[in-house]
Amino acid sequence: MCTMKTMKFITLCASVLLAASAARAQHTVGVFGGFGTGTARFYPAQETKSVGGRFSGGFSWRYYSATRFVGCVGVDLEFLQRGFAYAPFASTTENEADYVYYTRKLNSFVVPLVWQPHFYLARRHLRVYLEAALTFSYNFDSSYVNDVARENGVEPWRGKYEFKTARDNRWGYGLAGGAGLAVLIGRFEVSAGARYYFGYSDILRNRNKYYDNAVDGAENPFWYTPQRSPMDNLMVRIGVAYRFAPEFKSWTVKRQKREKMKAGFDFGEKPQK
């Protein structure tokens with residue numbers, strides 16, 4: 001759930017983006033939102049599954065280049081929900097339907113630094129783009145449901161996940177990639193696309209720093225802390241952006257036609273003395 005501090009942070013970010021757009025020169029400012037799934041990649045490999053119903057939303061700023069096919073660069077200020085489900089005793093049964101899961105959900109602020117190469121169709125009213133991004137994140141809230149503990153009568157088996165500095169990483173980084181298309185309507189751009197977030201940092205510190213769950217309760221299901229624990233997201237989203245320049249040069253630039261040579265060359269012409 002978003003707290004009052006979260007809403008204040010989002011409002012402040014929006015104000016910064018609007019101030020940056022005051023230059024009114026080939027910039028757009030927009031809002032976006034979407035849903036998707038989250039998962040984690042553990043090493044050594046563990047039995048996991050994706051957690052659906054993950055939400056993302058935030059603000060975007062883009063600067064467009066007039067150079068053909070270079071596209072635009074920009075930054076997003078994003079609220080992203082992450083999550084994963086882990087089956088601690090998957091090795092004890094061959095029937096996947098009998099797996100009992102520990103489910104963790106996280107709320108994060110993410111700042112993707114974005115590059116979008118693109119090309120135009122339909123007389124520059126349709127923009128098709130790819131995107132690549134370097135992402136930085138901060139996990140500010142988390143909850144858990146431990147169905148293994150529930151079946152064994154352990155309390156509490158669900159609740160707020162309390163971060164421990166020795167065990168948990170709040171800060172993260174990674175890469176993201178995606179694609180989409182946008183319809184250009186006057187000063188507005190309505191877009192739809194998908195983005196995959198590929199985490200490189202670990203949600204849990206490795207076992208050299210936090211070996212096991214001997215001193216933890218049901219919030220930590222790992223007998224031995226995984227050596228690697230990055231998190232991924234796949235999100236489908238829509239957005240609306242507004243341009244602050246009276247004219248986008250990158251939408252109107254055309255190749256200049258070559259001028260035909262006015263003078264000809266006659267191979268039979270004798271050189272003048």
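Looking at the structure I just gave you, is residue 217 out of contact with any Asp or Glu (no Cβ under 6 Å at 6 or more places or on another chain), of a type outside the set (A, V, I, L, M, F, W, C) and either part of a strand (DSSP E or B) or at positive phi (or both)? For residue 217, the condition - out of contact with any Asp or Glu (no Cβ under 6 Å at 6 or more places or on another chain), of a type outside the set (A, V, I, L, M, F, W, C) and either part of a strand (DSSP E or B) or at positive phi (or both) - is not met. Going by what's in this entry, would residue 207 be described as charged (D, E, K, R) and closer than 23 Å to residue 87 by Cβ? Spelling it out, residue 207 is indeed charged (D, E, K, R) and closer than 23 Å to residue 87 by Cβ. So, of the residues in the stretch 63-109 that are among the aromatic types (Phe, Trp, Tyr) and either without any contact (Cβ under 8 Å) to a residue 24 or more places away in the chain or part of a strand (DSSP E or B) (or both), which turns out to be nearest to residue 119 (Cα to Cα)? Among those residues, the one meeting the criterion is 64.
Taken together, the residues in the stretch 44-95 that are touching a Pro at 6+ places or on another chain (Cβ under 9 Å), hydrophobic (A, V, I, L, M, F, W, C) and farther than 20 Å from residue 138 by Cα amount to 3. Counting only residues that are at pLDDT below 95 and either among the basic types (Lys, Arg) or at positive phi (or both), the stretch 220-244 holds 2 of them. Within the stretch 157-170, residues that are in a loop (DSSP other than H, G, I, E, B) sit with their Cβ atoms under 6 Å from residues that are among the hydroxyl-bearing types (Ser, Thr, Tyr), at 6+ positions apart or across chains, in these pairs: 161/142; 161/143; 161/144; 166/210; 167/210; 170/138.
Cβ-Cβ contacts under 7 Å between residues 6 or more apart (or on different chains), taken from a first residue in the stretch 39-54 that is closer than 16 Å to residue 205 by Cα to a second residue that is among the hydroxyl-bearing types (Ser, Thr, Tyr), are listed as 40/48; 40/229; 42/48; 42/229.
So, in the stretch 102-120, of the ones that are of a type in the set (Ser, Thr, Tyr) and at pLDDT 95 or above, which residue ends up nearest to residue 143 (Cα to Cα)? Reasoning before the result, please.
Restricting attention to the stretch 102-120, the residues satisfying the condition of being of a type in the set (Ser, Thr, Tyr) are 102-103, 108, 120.
Next, only the ones that are at pLDDT 95 or above stay: 102-103, 108.
Numbers: 102: 11, 103: 8, 108: 12 Å.
Taking the candidates together, the pick is 103.
Restricting attention to the stretch 91-103, does a residue exist that is under 30 Å from residue 208 (Cβ atoms), of a type outside the set (S, T, N, Q) and under 20 Å from the mean Cα position of the chain (by Cα)? No.
Within the stretch 35-45, the set of residues being surrounded by fewer than 17 Cβ atoms within 10 Å (Cβ to Cβ) and either small (Gly, Ala, Ser) or assigned to a loop (DSSP other than H, G, I, E, B) (or both) comprises 44, 45.
The values are calculated or read from the model by the stated rules, or taken from the named source; none is laboratory data. What you are looking at is a predicted structure, and each value in this text was computed from that prediction instead of being measured. All Cβ positions, even for glycine, are placed from backbone atoms using ideal geometry, and neighbour counts span all protein chains on display.
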